[in-house]
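Peer 1: Once you've had a glance at the structure underneath, I'll fire off some questions.
Since every read-out is calculated from the coordinates, none of them should be taken as a lab result. Treat the numbers as computed from the prediction; the structure is a model and nothing was measured. Please note: Cβ atoms are built from the backbone with ideal geometry, for glycine as well, and neighbour counts cover all protein chains shown.
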Amino acid sequence: MEKKKEPSPFSIIWKWAEKYHGGFYGAIIMAVIGVAGTMFSYISVAQMIRLLIGGESLGKCVPWVIGVAVGYVVKAICSTISATLSHTVTFHTLRDLREQMLKKLSRLPMGVILDTPSGQYKTTIVDRVEGMEPTLAHLIPEMTANIVVPVAIAVYVFIIDWRMGLASLVTTIVGMFAASGSGKVYAKRWDGAVKVGKAMANAIVEYIGGIQVVKAFSQSAGSYHKYADAVNANAACYRDWFGDSSKYMTVMQTFIPSILLTVLPVGGLLCKSGSLSAADFFTIIVLSLGFTGPFLAALSFVDELAIVGSNVKEICGILEAPELVRPETPAKLESSEINLKNVTFAYEAGQDEVLSHINLDIKPNTVTAFVGPSGSGKSTIAKLIAGFWDVTGGSITLGGTDIRQIPLEQLNQQIAYVSQENYLFDRSVRENIRMGRLDAADEEVEAVAKAAGCDGFIRALDNGYDTICGGGGGHLSGGEKQRISIARAMLKNAPIVILNEATASIDPENEALIQQAISELTKGKTLIVIAHRLGTIANADKIVVVKKGQLIAQGRQEELLADCPLYADMWQSYLGSRDQVNDADTPVKEDAVCLES
Amino acid sequence: MFGIIKKIFRFSGTKRNVLTRAVVVAFIGAVFKALQFGALLYMAEALLGGTAMNIGVVLGIMIVSVIGRMICFYFSANDETDAGYFMVAEKRIYIGDRLRYIPMGYFNDNSLGNIKAVITTTLGDVENNAARCLVIIVGGFLNTFAV
């Protein structure tokens, strides 16, 4: 076997199960004893036949009849114990593994988590981990037992008569060759099947998720056909796969149990020539019948092995993802001034830089706004400040300390990040707001709700503050959710607030309420706004214009209107879109159009 | 248990005939399998009862048994796969079709999540297991009665 650098899936799993190795060994030993019990039954039958052929009375067989019974009882007890043990340790292992993955998620860069569809984490942590269950609970003990015992039987047959030993191996060897053939088809087909399966899952999610839209616009025929095609492709993929491997499967499934094909004629000839006694012959027949069952069972696990590899890879993808390295002990922060020095950033090493050589100082208690065409990198700067990713080059300091030297928890206390997507948990409104600071009293929660302009509509809900929000906040409107999450940030009371302005238009009434809530939230704080509409930031202390990952100008609005043509264009375009009358006079520049998209 | 078997047959829709054929062929395969005990019996009678033994007969019976089993396994397993996956595909499409005509009021996040889970996970379990279980169980029963 070739020694590869990366460890095999099995050694990885075995390492995950480290705490429970004792249990697994116990399960393996019990499984082996259990299968040995079955074997003992077969040997007992063989002995009975030996006695009967030798002309002994039935009475002499009694001990062997008991032997058969004992063999089966041992098998029943041991395999039950083995299965119980292996399942217990397996589910403990899986629980630990899931815990480890969840802990890992909290140490991953926030940016990585935002960039990964949440469904993907769910699939890996729930389904892929569940997929390890057969491997751990069944494969490890049962496959071991089902291989050990046939080998023992084969050795025993060889001891009785080596020629019969050889004869009994022929069909098994043919079957194994066929099994390796089907394994090759498996390796070739598996990736394709996974791809088709994913395509179907996506089609299902899209079709079901969009069914309301589809129905409302009577588009059901088109998207329905797309869905049906994906479903049929999935079924056809498995049928063709099986079609490819069915010749191998057929040979394997029929040859391995047909051990008598060689054993009977060869034994018959040997008996005829007198070199094999009838008693030995029948013993071997009985033994060889007991040989094939466990062996086929062991082979049936081969398919599992292939799936294990891809499951392990996906789980390792989470467990081994690079983490943000942060110290444990809180750092001493001089102030809440933020300085960016020569900051460069690329999502992955070797990829294009999204930001290059950004230098910026953000003084405490000022309002700084990032503006620029979409895709310019303005959100990325804000996310780097919030510690979602580590910078690739240069440094970001908060109060004189590099943010990489500040524990995540401490940084989170300093910075409140209010984004456009506001997730509300399926709990009461009160608890959702309290997430900003878990030790806040009810009165504090209600006070911030009032300040954020939520109090009115919350009290109008069926159960007031104790109304359950529904998964993802489904029972509340977009503007209401936004205000609740502002209240949440307000409760947190961090000295720095980063606000990613909503791009989607909200109705004017809500818009005004939200602006009011925001100005309450940011009173006496450092505010960093990622602006999508210039109207709200005209009075900012500093407006930073970002274009193609570069900081091209900064200053107050008057200065920028005079010095920065891009900003002047954007401002004109903003005025144009706000005031229809001006529209005809204002040429809309390309960059400025992107701004709103 | 018979209830479940009946359910699987009802579930199989247009693949019902294919599924039935898989069961019948699997049963014939089992008859071929039983043939090897005929060879064993012949051998036992010859060795213990002292009747004349022709090795050719033993070999012949065994070859017929193995070839018969191979043919039956091949066709039954292919039918079983075809029925197993396509009956589920049919149901997935059926559900998708029904959704086009269900009143809008039926949908909310919850019911959509449930439908998604049924179409992906639950039917996934069915496609992997139902047909095989049915062939094994019904085939096994027929065998017991035949023997």
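Peer 1: Can you give the extra length, in nm with one decimal, that the chain gains between A:Trp162 and A:Val112 once fully stretched, where that is 0.36 nm per residue apart less the Cα-Cα distance? Before the final figure, lay out each step's value.
Peer 2: On the way: separation 50, 0.36 × 50 = 18.00 nm, distance 6.28 nm.
Value of the extension gain: 11.7 nm.
Peer 1: Follow-up question, since we're still on this one. With the contact rule set at Cα under 8 Å and sequence spacing of 6 or more, what percent relative contact order holds for the range A:338-596? Working shown, then result.
Peer 2: On the way: 453 pairs, mean separation 65.1, N = 259.
Value for the range A:338-596: 25 percent.
Peer 1: Over the Cα atoms, compute the radius of gyration (one decimal) and Dmax (the largest Cα-Cα distance, rounded to a whole number) for the range A:34-189, in Å.
Peer 2: For the range A:34-189, the Cα radius of gyration and maximum Cα-Cα distance read 24.2, 83 Å.
Peer 1: Between A:Ile173 and B:Thr122, what FRET efficiency comes out of the Förster formula 1/(1 + (r/R0)^6) with R0 = 30 Å and r the beta carbon distance, rounded to 0.05?
Peer 2: On the way: r = 41 Å, r/R0 = 1.37.
It comes out at approximately 0.15.
Peer 1: Magnitude of the Cβ-charge dipole of chain A, K/R +1 and D/E -1, about the Cα centre, nearest 20 debye?
Peer 2: 2240 debye
Peer 1: So, one more: Computed on alpha carbon atoms, what radius of gyration and Dmax characterise the protein assembly as shown, expressed in Å?
Peer 2: Both quantities, over Cα of the protein assembly as shown: 35.9, 118 Å.
Peer 1: Still on this structure, please answer the following. Once Rh is set to the Kirkwood radius over Cα pairs, what Stokes-Einstein translational diffusion coefficient, in µm²/s, holds for the range A:261-351 at a temperature of 4 °C and a viscosity of 1.567 mPa s?
Peer 2: Values: Rh = 21.3 Å.
Answer, rounded: 61 µm²/s.
Peer 1: Taking every residue in A:278-285, how many Cβ atoms of other protein chains lie within 10 Å of its Cβ, on average?
Peer 2: Values: counts 5, 1, 0, 3, 5, 0, 0, 3.
Neighbouring Cβ atoms belonging to other protein chains average 2 per residue here.
Peer 1: Right, another one. Defining a contact as two alpha carbons under 8 Å apart and six or more residues distant in sequence, what relative contact order in percent does the range B:2-142 show? Please report the intermediate quantities before stating the final value.
Peer 2: On the way: 112 pairs, mean separation 53.5, N = 141.
Relative contact order for the range B:2-142 comes out at 38 percent.
Peer 1: In what order do A:Asp442, A:Asp390 fall by count of nearby beta-carbon atoms within 10 Å, going from fewest to most? Please list the in-between numbers first.
Peer 2: Values: A:Asp442 10, A:Asp390 17.
The most exposed by this proxy come first: A:Asp442, A:Asp390.
Peer 1: Can you sort A:Ile552, A:Ile173, B:Ile61 from fewest to most other Cβ atoms within 10 Å of each residue's own Cβ? Display every interim value, and only then the final one.
Peer 2: Numbers: A:Ile552 15, A:Ile173 11, B:Ile61 23.
Ranked by crowding around the Cβ, least crowded first: A:Ile173, A:Ile552, B:Ile61.
Peer 1: Can you list residues whose amide H is under 5 Å from A:Phe370's amide H, if they're 5+ apart or on another chain and H is modeled 1.01 Å from N?
Peer 2: Hits under the 5 Å cutoff: A:Val529, A:Ile530, A:Ala531, A:Val544.
Peer 1: Now a separate question. Normalised by the empirical 2.2 N^0.38 Å for globular proteins, what value does the Cα Rg of the range B:2-142 take? Mind showing how you got there, number by number?
Peer 2: Values: Rg = 22.7 Å, N = 141, 2.2 N^0.38 = 14.4 Å.
Normalised Cα radius of gyration, the range B:2-142: 1.58.
Peer 1: While we're here: What are the semi-axes of the equivalent ellipsoid of the range A:320-473, taken as the square roots of 5 times the eigenvalues of the Cα gyration tensor, listed largest first and rounded to whole Å?
Peer 2: Numbers: eigenvalues 234, 66, 54 Å².
Equivalent-ellipsoid dimensions as semi-axes: 34, 18, 16 Å.
Peer 1: Shifting gears a bit: Under the √(5λ) rule applied to the eigenvalues of the Cα gyration tensor, what semi-axes describe the equivalent ellipsoid of the range A:286-406? Give them in Å, descending.
Peer 2: With the √(5λ) rule applied to the range A:286-406, the semi-axes are 54, 18, 11 Å.
Peer 1: Across the range A:338-596, what fraction of all alpha-carbon pairs, as a whole percent, falls in each successive 5 Å bin from zero upward?
Peer 2: 1, 6, 12, 16, 17, 16, 13, 10, 6, 3, 1, 0
Peer 1: What is the Cα centroid distance between the range A:18-89 and the range A:140-173, reported in whole angstrom?
Peer 2: Taking the Cα centre of each part, the range A:18-89 and the range A:140-173 sit 17 Å apart.
Peer 1: Once both labels are modelled 7 Å past Cα along the beta-carbon direction, what's the A:Lys104-A:Leu575 spacing in nm?
Peer 2: It works out to 5.5 nm between the two label points.
Peer 1: How many nm is it between the label spots at A:Asp244 and A:Met435, if each spot is 7 Å from the Cα in line with the beta carbon?
Peer 2: 4.5 nm
Peer 1: Over chain A, what is the relative contact order in percent, taking alpha-carbon pairs closer than 8 angstrom and at least six residues apart? Mind showing how you got there, number by number?
Peer 2: Values: 837 pairs, mean separation 80.3, N = 597.
With pairs under 8 Å counted, the relative contact order is 13 percent.
Peer 1: For the range A:163-275, state the average projected area of the convex hull of the C-alpha atoms over all orientations, rounded to one decimal in nm².
Peer 2: On the way: hull surface 34.8 nm².
Its Cα hull, projected and averaged over all orientations, spans 8.7 nm².
Peer 1: To continue, here is another question. Just rank A:Cys469, A:Cys454, fewest to most, by other beta-carbon atoms within 10 angstrom. Kindly include the intermediate steps, with their values, before the conclusion.
Peer 2: On the way: A:Cys469 22, A:Cys454 26.
Least crowded to most crowded, the residues run A:Cys469, A:Cys454.
Peer 1: Listed here are the pairs A:Lys313/A:Lys378; A:Lys481/A:Lys547; A:Lys103/A:Lys492; A:Lys195/A:Lys226; A:Lys15/A:Lys247; A:Lys122/A:Lys548; which of them are more than 27 Å apart at the Cα?
Peer 2: On the way: A:Lys313/A:Lys378 35 Å; A:Lys481/A:Lys547 31 Å; A:Lys103/A:Lys492 23 Å; A:Lys195/A:Lys226 16 Å; A:Lys15/A:Lys247 37 Å; A:Lys122/A:Lys548 34 Å.
In this structure, A:Lys313/A:Lys378; A:Lys481/A:Lys547; A:Lys15/A:Lys247; A:Lys122/A:Lys548 exceed 27 Å between Cα atoms.
Peer 1: Given points 7 Å out from each Cα along the Cα-Cβ axis, report the A:Glu558 to A:Asp462 separation in nanometres with one decimal.
Peer 2: Computed distance between label sites A:Glu558 and A:Asp462 equals 5.6 nm.
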